[in-house]
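Reviewing the structure listed below.
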Amino acid sequence: MSSLYWDFIRIRFLTMLAYRVNYYSGILVYTLNIGVYYFTWQAIYGGKEQIAGFTAAQMTTYVAVSWMARSFYFNNLDREIATEIRDGTIAIQFIRPYNYLMVKMMQGFGEGLFRFLLFMIPGMLIALLLFPVQLPTSITSWIGFMIMLFFSFLINSQINIIIGMLAFFVENNEGMMRMKRIVVDLFSGLLIPISFFPGWLVSIMNFLPFQAITYLPGSVFTGRVKGTGILEVLGIQVVWFVLLLIPIYFIWRAARVRLFVQGG
């Protein structure tokens, strides 16, 4: 990667640092979310040892790590791209000596890096103090989770890029962006672990990329997936990362043609 793209990571990180007070309040909001889900699931379990393959302790850990992981992989690349398309500034990007989509990915990573260091880690420490979260005892689980967390960012960003680029073809994709956020939060397993869904729906969701964002990394962190199973779920993430490159390529190619034909 050239130093140019590293600069985009650094600049976005420093930009986020200038508004870090907003993220201190964000830690409080995420901690409250964890608290609400913690007490909700405690009531649902009601003394039961296990539900849908999750023990009560695993569920507490899953809720905490899933929300904190979201603080890392979450970004608004779809909104940024859509805004630049609507106001026409994206046309300038085509004459600059870099790949526009790569730049957006690097900017998203710069934001994610900031969130990881000043949001996710402090938030997880607070969660450890307030709730009975169980950290992995295996170094393999830690390494697997960290690698998968990075792929969570990549896959979520790819989905955002796809939705953002659709602004080339519709007048307003605001509804799509809102629907995408709901679908990702629900079908990724953030709000409800995928194993709690009906069997027929789980079968469908296994053929969608959303589980690779939250559910699979969370399963590794909680110890529900161990050993060689970690490589298998990581492989699922890698496959989706590659597959999502295909629609990105064709949408971007069609968008460039549309821009040149209409914009001259």
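Nothing in this text is a laboratory measurement; each read-out follows from the coordinates by a stated rule. Note that the coordinates shown come from a computational prediction; the quantities given were computed from them, not determined experimentally. Ideal geometry is used to build each Cβ from the backbone, glycine not excepted, and the neighbour counts take in all protein chains shown.
Computed quantities for the displayed model
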read-out	value
Length-normalised contact order of region 161-219 in % [C-alpha pairs under 8 Å, at least 6 apart]	29
Cα shape, region 141-221, gyration tensor, a/c 1.5 rule	oblate
Axial C-alpha extent at least 15 Å, average Kyte-Doolittle at least 1.0 - helices from the chain (DSSP)	139-165, 228-263
Angstrom value of the Kirkwood radius, inverse mean 1/r, which spans all Cα pairs in region 163-264	15.7
Area projected by the alpha carbon convex hull of the chain, averaged over all directions, nm²	15.1
Highest average packing first - 192-198, 54-60, Cβ atoms within 10 Å	54-60, 192-198
Region 1-123: relative contact order as a whole-number percent, Cα under 8 Å and 6+ apart	49
Relative contact order for the chain, counting Cα pairs under 8 Å that sit 6 or more residues apart, in percent	26
Long-range HN-HN contacts of Ile213 with modeled amide H, under 5 Å	none
Alpha carbon Rg of region 95-240, scaled by the compact-globule rule 2.2 N^0.38 Å	1.15
Positive-pole candidate from Leu245, Phe54, Tyr23, dipole of the chain, charges at beta carbon	Leu245
